[in-house]
Every structure is written in structure tokens, then in C-alpha cells.
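Student: Let me begin by handing over the structure; questions about it come next.
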Amino acid sequence: MKPQLTSVLLTASLTLSAPSVLAELLTEGYSDESLSNEELLSLSLEEVLTLEVTSVSRKKQRLMDSAAAVYVVTQEDIRRSGAKNIPDALRMVPGVQVAQMNSNTWSISARGFNYIFANKLLVMMDGRTIYTPLFSGVNWDIQDTLLEDIDRIEVIRGPGAALWGANAVNGVINIITKKTSDTHGSLLTLGTGSQEKLSGSYRYGGELNESADYRVYVKSFARDGLVDKAGGDANDDWHISRVGLRVDWDEIKNGALTVHGAFYDGNTRPPVRTLDTASPSMEIITDHDRKQQGGNMLAHWSQRWADNSELSAKGYYDRYENQDYRLTEIRDTLDFEVQHRFLWNETQEIIWGLGYRSSWYELSGRNFVGGRDDSPQEELFSAFIQDEIQLSPELHLTLSSRLEHHTATDYEFQPNARIAWNIDDQSTAWASVSRAVRTPAITERDLEVNGLVEIPLPPALGLPGFQRIVGNPVMKSETLTSVEAGYRHQINSVVNIDITGFFNDYRDLTSISVSDDCPAATVAEVPGVGCQMGGYYLIPSQLINGLNAKTYGLELAVDWRVHDWWRVKADISLLQVDASRKTNDDFNTVAEAQLESVSASHSASLRSIMDLPGNWSFDSWIRYMGERGDTVTATLVDDYAALDVRFARDVNPNLKLSLTGKNLFDTSRLEFTENYTGLIATEIEPSWYAQIQWNF
């Protein structure tokens, strides 16, 4: 149910008028000593702009100086928002669209193309790439850690492929956890709520010796499922447990070494809609558990020299097992990378590196999903270089490029040029032009799906119809040419503004076209209809590089310190997608319309962060997402506004209590639906969550 406009305006009014209501109380009772030193409000606007980020140039630099649309979600942002998972924390980022489909499945994209296979966003955690070559996206349900251990999340909207590689097309998300020296002692967190039934985590950190620190943690939760469109239980409960370890050795002969790993095990019951060939009709299956388990280990070494040069090497191994009703997948990934940074002369700094990645699969237990190869393997060789040139004390030009060789697409070249102009200490203007590619996923090259999409047929045929989708072994990479420009400005130590405009030109986007590929069990091929299977028809189609698109957008973020005890963060994002098809068959025509409507054209967010007397805090968050999807493909999702509120009290420096209410506007809300995987869209209900956090 959509909220009434009056409810939205009333809540915003109450949030923004709170100072007048509380002014007298705060004037009498406020003191700096009554507030926790960990509060976000202790970070001045000047300090926000001098935050160091590493994702833009593969080295530390001030946020103010970065020639990219970069946004930093801090640890205090995560804590004060009440987010219980990484996808919810990413809702704070302007230009990033987050849509939850069921209790453990999200679609997340930057600057458009937010579909079930949101495949143009590169995501990393502490240097480990968590993109999957199977569908060129991210399994968000297994990407987790202690949220309290996340130092920051750096999000680049726009291409980052010149430094980070293929699939960093629309953006880069870099999740960076705290150093072990910052997590000494014990941390116990326990919580319960209406959806998150029970969750708990424990972390302990300490010193191994004078140069080494460590931490270990365990985390587990049991989450209730969402509801179906009728308001009943969707039977998609979810629980997972994980353990992790990290050790940091610092100052080892001017070097450093980090080793960390994690292991997880859990299961869920995603409701799936599939073809019942006996009827034939579509049936919903809810009684099949999906088992997920795996782990990873990473080592990162760096060595510094007196001449301001640095050499680093990183390697990791990742194992993922997913026993789904539709497909059982086991993936192993091995990755190595070396990087060297040095001063070429007084005005130039060079960063270059080499990388290798191999992923191999075992695919089995196929139900409704077939393919040509049960043991596919991919290899990726890469080399990159970046030259940062100081043209003047205020003007910096950065040229970078990456050359990759991929199993499926041979060589790919991805250049980038960025320029930053530090107008003064409070203002920076920047611009960039980039080329990026997305390599075709294994499923796009080797896919065979029968019967997950129902196709209306003329009644005279007397049989129902279902779509057959077949991959294309000669798929090309999708390409992007992007132009961006931005401006950052701090106004009187009270307001920060960050505005970005962009134009993206996409070529050879993946689409679906009419095909004549019938399965071996076909009874008869009926011209103009499809493959008669006995009691139903399969209408064949094939994946192709069938679409081009242009997108235009504007993103504005404002950080306003209203008072010493009150801060407001707001943002708005506008997006226009214009697609054009290469062929005029029915399937590709539908794909063109779907591409233009799959992402919301406008979104907005307003966060209020208040520190109150007595170590109390009150935070509220209103966010709006525009309409997306279409009625032709039955993927229409209405626009919505959502309200989250959080009350918390620091009983003492070591004990924190909080109560969070989420999605308080709606009785239930659909955020996302699709019709290519068989997953049933479920709806989000209002929920509450109580938590106790104890440091000792």
C-alpha cells in the first residue's frame, strides 16, 4: 500500500522541526560530556572532506581531491542508520538503487540497470572481489561480516575499470574493515525483533606481540521470511552462521602483512515458480531448502622504501557452494595481484600492476536449467598503469588504463582520464572520461532455461506457452563510454554539497531475440509458434548483444550541520535511460522497453541524526524510490516512501542499547519483481529490532 503524501510531509516536518520542540530542554541540559565520543556528530564537516579514500586511485587521497563521484558510508553512518546488513547500508548512497526481493535476495545497482542480474557493479571486501562469473553479479546473501568491524564503505558511482577491471562499469563498492589494532577487547552484540528473530555476534581482539594484532569473531542469525502478495507467509526464512579471523603485522622492516579469512554455513527457502510439465501449468515450490556454505582466505603484503615507493602483493582463495532447487553450484576462485607505486619525478607518480584470476565450477542438479558445460572454467590476465601528473599546485591530471585477456572475449582495453581542480581549500571541480566493459557471464554463454516464463498464446492453439531461453557462445562484451563532471563545496563550515552529472553511452547490451532452437524432446516444431512438447509449447529465444542505450543523470548530496547536536544528510538522484534495439522481433522489442523502465528515474533520501541529553540519540530516515518496471512483463513496482527511526542510549562508554523501527509507512511493500529466474517476489513489512552491545 502506498503511503499518503500527507504522512510523508508530516514525518518530514516533525523531523526538521524537532529542534524547536527540544530547544529549551537542550539549552538547559546539553553538555559535550554527556555525549559519546564515537558519535558521528563529533566528525566536523571539514574532517568529512579530508577523509582518506583508496578506491579512486589505488592509494590514499583526500575525499575532497578525488576526481570521481565517490561517497563514503562511515561506521557511524551504519550504526546510526540501524542497518542490519550491507545492502541496507548501501541505501544511504546517492545514485545507488537497492531493492529487496525476498528475505535474502537483493538487486543493487548504480546509475540504472537494476534487475535480478545487476551485473555492472564491482564489489570488493578488503581487496577480495566478490563478483561471480556465473551471472556477473553478487550473491549478497553470503557477503557479510560484523557490521561493527566495518571501518567504511567507499562507493564510486561511475566506471572504475581502468584500475579495478572488467565489470566495474557503473560503479565500484569497496567494503573496508577496521585494522585489528582498533578492535582490542571483547564485543558482544545480541538482538531480537519481529523479522530478525534472533541474532548474536562475539568478537575478541588483542596483541600477539609488539608488531602484531589479531581478532576472531563468530556471528549467527535467524531471520523470519517476508510475506506474499496475499499477506501470507512466503516461507523464505533464512539463517546463517559464520566465523572469521584476521591478523595484522605492522612495521616489519618498513612492511606490513595482513592475513584474514571467514567461513559460513546456512540455508534458506526461496519460493520458486516453475513449470509443472504434468499439468502443464506454473507451480510454486516452497518446501526446498537452499543450502549455502563456503569460505575464503586472503593475504596482503606491502613493503615501503625511503624514496616514497611501495610494493604490494595480494592473493586469495574463495570457495562457494550453493545447493539450489534449480541448480547446484560449486565455485573455486584463485586470485593473485602485484602492485608497485613510485615517484617518477617531482610532479609525477606512477602506479602499475599485474593480476591473474581463475574460477572453475561444478554445475549439477539441474532442474529447468541446462547448459553445454558442467565444469566451466574462466581465466583472467590483467595489467594496469596509472600516471598522476601535477600540472600545477591546484591542477592534477590522472591517466590510467587496463589491458585484460579473458577466456571468453580475448583482449579488452579500458582507458580513463581524470582531472581535478582544487579551486581553494573549500572547493574542488573535477571531470573524467572513461571506457569500461562487462564480460559475458557463464550463464549468458551457456544458458538453457525452459519454462520459467509463461507466454500468452492464442486460445485457438489449445495449449499453454512457455519461454525457452538459450545462451549464446559468441556473446561479445558490453561496452560503456562515460563522461562525468562534479563539484564539491563547503559553505561556512556548516554545509557540504556534492553534485555530479554524467552521460553514459552503452553498446552491445545483452538482450533476448527470437530463435528456432528447440530441445531434443520436441514433438513437433510449429512454424510461427514454437516447439510443441506434448501438452504445451516452448517458444524459443536466444541471448544476443541486441541493445544500445544512453543514460543521463544528476546526483546531489548535502551534509548540513544544523546545530552541534543535530545533523541532516539529504540527497536526490535523477536518471534517464533511452534504449535502442538492433532487431525488431517481439522479444527484443519487449527487452528494449524493459531496459528503459527497469530502474527508477528518481530517488531521494533524508536522514536526521540527533544527539540528546543523557546520552540519548534519535535518528530518522525517510527515503523515496520512484516507480519502476512495466505492466507488459508484469514487473511494475509502484513508487514508495519508507521511514526508519532509531532510539538509542549509551548507558556508559561500554554498554549501548538501541531500538529500531523499519519501513513504518506501509503495511507491506513490494520492492522488486522479475520473471526470468522463477523467484517469487515477496513483500516487506514494518519491523522492529532491539539490540544490546557490550564492550568489555
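The values are calculated or read from the model by the stated rules, or taken from the named source; none is laboratory data. Just so we're clear, the structure is a prediction, and the values are computed from it rather than from any experiment. Heads up, the Cβs are rebuilt from the backbone with ideal geometry, glycines too, and the neighbour counts pull from every protein chain shown.
Student: Go through the residues of the range 508-521 one by one and say whether even a single one is closer than 28 Å to Val433 by Cβ, out of contact with any Gly (no Cβ under 7 Å at 6 or more places or on another chain) and not hydroxyl-bearing (Ser, Thr, Tyr).
Tutor: Let us first name the residues in the range 508-521 that are closer than 28 Å to Val433 by Cβ, namely 508-511.
Pick out the ones that are also out of contact with any Gly (no Cβ under 7 Å at 6 or more places or on another chain) and you get 508-510.
Going one step further and asking which of them are not hydroxyl-bearing (Ser, Thr, Tyr), we end up with 508-509.
Looking through the range 508-521, at least one residue is closer than 28 Å to Val433 by Cβ, out of contact with any Gly (no Cβ under 7 Å at 6 or more places or on another chain) and not hydroxyl-bearing (Ser, Thr, Tyr).
Student: Something else now. Would you point out which residue out of Trp301, Trp305 is over 21 Å from Lys229 (Cα atoms), loosely packed, with under 13 Cβ neighbours inside 10 Å and either touching a strand residue (DSSP E or B) at 6+ places or on another chain (Cβ under 7 Å) or not polar (S, T, N, Q) (or both)?
Tutor: Result: Trp305 is the single residue among Trp301, Trp305 that is over 21 Å from Lys229 (Cα atoms), loosely packed, with under 13 Cβ neighbours inside 10 Å and either touching a strand residue (DSSP E or B) at 6+ places or on another chain (Cβ under 7 Å) or not polar (S, T, N, Q) (or both).
Student: Taking the range 82-99 as the region of interest, how many residues are under 12 Å from the mean Cα position of the chain (by Cα), of a type in the set (D, E, K, R) and in a loop (DSSP other than H, G, I, E, B)?
Tutor: First, pick out the residues of the range 82-99 that are under 12 Å from the mean Cα position of the chain (by Cα): 85-93, 95-99.
Okay, now just the ones that are also of a type in the set (D, E, K, R), so 88, 91.
Right, trim to in a loop (DSSP other than H, G, I, E, B) and you get 91.
Qualifying residue count for the region: 1.
Student: Select from the range 639-671 the residues that are closer than 30 Å to Gly185 by Cβ and among the aliphatic types (A, V, I, L, M) and list them in ascending order.
Tutor: Ala648, Val651, Leu655, Leu657, Leu659
Yes or no, residue by residue, for (1) out of contact with any Phe, Trp or Tyr (no Cβ under 6 Å at 6 or more places or on another chain); (2) in a loop (DSSP other than H, G, I, E, B); (3) closer than 18 Å to Val56 by Cα:
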residue	(1), (2), (3)
Arg80	yes, no, no
Met101	no, no, no
Ile116	yes, yes, no
Asn119	yes, yes, no
Phe135	no, yes, no
Thr145	yes, yes, no
Glu148	yes, no, no
Ile153	yes, no, yes
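Student: Under 6 Å between Cβ atoms, at least 6 apart or on separate chains: pull out the pairs that start in the range 494-516 with a residue that is touching a residue at least 24 places away in the same chain (Cβ under 8 Å) and closer than 21 Å to Asn548 by Cβ and end on any residue that is β-branched (Val, Ile, Thr) and not in a strand (DSSP E or B).
Tutor: What qualifies is Ser513/Thr583.
Student: Can you work out which of the residues in the range 563-586 that are assigned to a strand (DSSP E or B) and more than 21 Å from the chain's Cα centre (by Cα) is farthest from Tyr71 (Cα to Cα)? Before you say what the answer is, go through the steps one by one.
Tutor: Taking the range 563-586 and keeping what is assigned to a strand (DSSP E or B), we get 563, 566-581.
Then keep just the ones that are more than 21 Å from the chain's Cα centre (by Cα); that gives 563, 566-568, 578-581.
Details: His563: 23, Trp566: 21, Arg567: 17, Val568: 16, Asp578: 26, Ala579: 28, Ser580: 31, Arg581: 34 Å.
Applying the filter and picking the extreme gives Arg581.
Student: Touching a residue at least 24 places away in the same chain (Cβ under 8 Å) and over 28 Å from the mean Cα position of the chain (by Cα), is that true of Trp560? Outline the logic, then answer.
Tutor: On the way: touching a residue at least 24 places away in the same chain (Cβ under 8 Å): yes; over 28 Å from the mean Cα position of the chain (by Cα): no.
It is false that Trp560 is touching a residue at least 24 places away in the same chain (Cβ under 8 Å) and over 28 Å from the mean Cα position of the chain (by Cα).
Student: Out of the range 308-332, which residues are assigned to a strand (DSSP E or B) and touching a residue at least 40 places away in the same chain (Cβ under 8 Å)? Break it down stepwise before answering.
Tutor: Taking the range 308-332 as the starting set, the residues that turn out to be assigned to a strand (DSSP E or B) are 310-323, 328-332.
Selection gives Lys314, Tyr316, Asp318, Tyr320, Asn322, Gln323, Glu329, Arg331.
Student: Pick out, from the range 226-283, the strands (runs of 3 or more DSSP E) lying fully within it that include 2 or more residues that are at pLDDT below 85 and touching an Asp or Glu at 6+ places or on another chain (Cβ under 8 Å).
Tutor: Fully inside the range 226-283 and qualifying: 272-276.
Student: Looking at (1) charged (D, E, K, R); (2) over 27 Å from Val338 (Cβ atoms); (3) more than 12 Å from the chain's Cα centre (by Cα), can you tell me which one Asp126 breaks?
Tutor: Going through the list (1) charged (D, E, K, R); (2) over 27 Å from Val338 (Cβ atoms); (3) more than 12 Å from the chain's Cα centre (by Cα), Asp126 breaks only (2).
Student: Just for the range 653-696: of the residues that are polar (S, T, N, Q) and outside any loop (DSSP other than H, G, I, E, B), which one is nearest to Arg607 (Cα to Cα)?
Tutor: Step one: list which residues in the range 653-696 are polar (S, T, N, Q), which gives 654, 658, 660, 663, 667-668, 673, 675, 677, 682, 687, 691, 693, 695.
After this cut, where a residue has to be outside any loop (DSSP other than H, G, I, E, B) as well, the list is 658, 660, 687, 691, 693, 695.
Details: Ser658: 17, Thr660: 14, Ser687: 19, Gln691: 21, Gln693: 23, Asn695: 27 Å.
Out of the qualifying residues, it is Thr660.
Student: How do the pairs read when you match residues in the range 56-74 that are farther than 17 Å from Gly486 by Cα and assigned to a loop (DSSP other than H, G, I, E, B) with residues anywhere that are of a type in the set (A, V, I, L, M, F, W, C) and at pLDDT 90 or above, using Cβ under 7 Å and keeping only pairs 6 or more apart or on different chains?
Tutor: From residues that are farther than 17 Å from Gly486 by Cα and assigned to a loop (DSSP other than H, G, I, E, B), the pairs are Arg58/Leu163; Arg58/Ile351; Lys59/Ile351.
Student: Now a separate question. Consider Gly365 carefully, then state whether it is buried (at least 16 other Cβ atoms within 10 Å of the Cβ), small (Gly, Ala, Ser), more than 25 Å from the chain's Cα centre (by Cα) and closer than 30 Å to Ser109 by Cβ. Even if it seems obvious, please write down each step before you answer.
Tutor: Working: buried (at least 16 other Cβ atoms within 10 Å of the Cβ): no; small (Gly, Ala, Ser): yes; more than 25 Å from the chain's Cα centre (by Cα): yes; closer than 30 Å to Ser109 by Cβ: yes.
So Gly365 fails the test.
Student: Of the conditions (1) farther than 27 Å from Ile156 by Cβ; (2) touching a residue at least 24 places away in the same chain (Cβ under 8 Å); (3) assigned to a loop (DSSP other than H, G, I, E, B), Ile544 satisfies every one except a single condition; which number is it?
Tutor: All conditions are met except number (3).
Student: Within the range 590-599, identify whether any single residue is of a type in the set (S, T, N, Q), in a strand (DSSP E or B) and either farther than 30 Å from Leu463 by Cβ or touching a residue at least 60 places away in the same chain (Cβ under 8 Å) (or both), and answer yes or no.
Tutor: Our first condition is that a residue be of a type in the set (S, T, N, Q); within the range 590-599, this holds for 594, 597, 599.
Retained after the next criterion (residues that are in a strand (DSSP E or B)): none.
No: the range 590-599 contains no residue that is of a type in the set (S, T, N, Q), in a strand (DSSP E or B) and either farther than 30 Å from Leu463 by Cβ or touching a residue at least 60 places away in the same chain (Cβ under 8 Å) (or both).
Student: Further question on the same structure: Could you say whether any residue in the range 124-146 is touching a helix residue (DSSP H, G or I) at 6+ places or on another chain (Cβ under 7 Å), closer than 21 Å to Thr258 by Cα and modelled with pLDDT of 95 or more?
Tutor: So far as the range 124-146 goes, no, none of its residues is touching a helix residue (DSSP H, G or I) at 6+ places or on another chain (Cβ under 7 Å), closer than 21 Å to Thr258 by Cα and modelled with pLDDT of 95 or more.
Student: Considering Ser603, Ser573, which residue is out of contact with any Asp or Glu (no Cβ under 7 Å at 6 or more places or on another chain), surrounded by 19 or more Cβ atoms within 10 Å (Cβ to Cβ), among the polar types (S, T, N, Q) and closer than 30 Å to Ser493 by Cβ?
Tutor: Of Ser603, Ser573, the one residue that is out of contact with any Asp or Glu (no Cβ under 7 Å at 6 or more places or on another chain), surrounded by 19 or more Cβ atoms within 10 Å (Cβ to Cβ), among the polar types (S, T, N, Q) and closer than 30 Å to Ser493 by Cβ is Ser603.
Student: Do we have Ser493 as of a type in the set (Gly, Ala, Ser) and at pLDDT 90 or above here? I'd like the intermediate steps shown before the answer.
Tutor: Values: of a type in the set (Gly, Ala, Ser): yes; at pLDDT 90 or above: no.
Against the criterion (of a type in the set (Gly, Ala, Ser) and at pLDDT 90 or above), Ser493 does not qualify.
Student: Checking Pro94 against (1) touching a helix residue (DSSP H, G or I) at 6+ places or on another chain (Cβ under 9 Å); (2) over 18 Å from Phe672 (Cα atoms); (3) not aliphatic (A, V, I, L, M), which single condition isn't satisfied?
Tutor: (1)
Student: One residue is enough: does the range 289-297 have a residue meeting the conditions in a loop (DSSP other than H, G, I, E, B) and among the basic types (Lys, Arg)? So that I can check it myself, show each step before the final result.
Tutor: If we filter the range 289-297 for residues that are in a loop (DSSP other than H, G, I, E, B), which is where we start, we get 289.
Applying the additional criterion that residues be among the basic types (Lys, Arg) yields none.
The answer is no; no qualifying residue exists.
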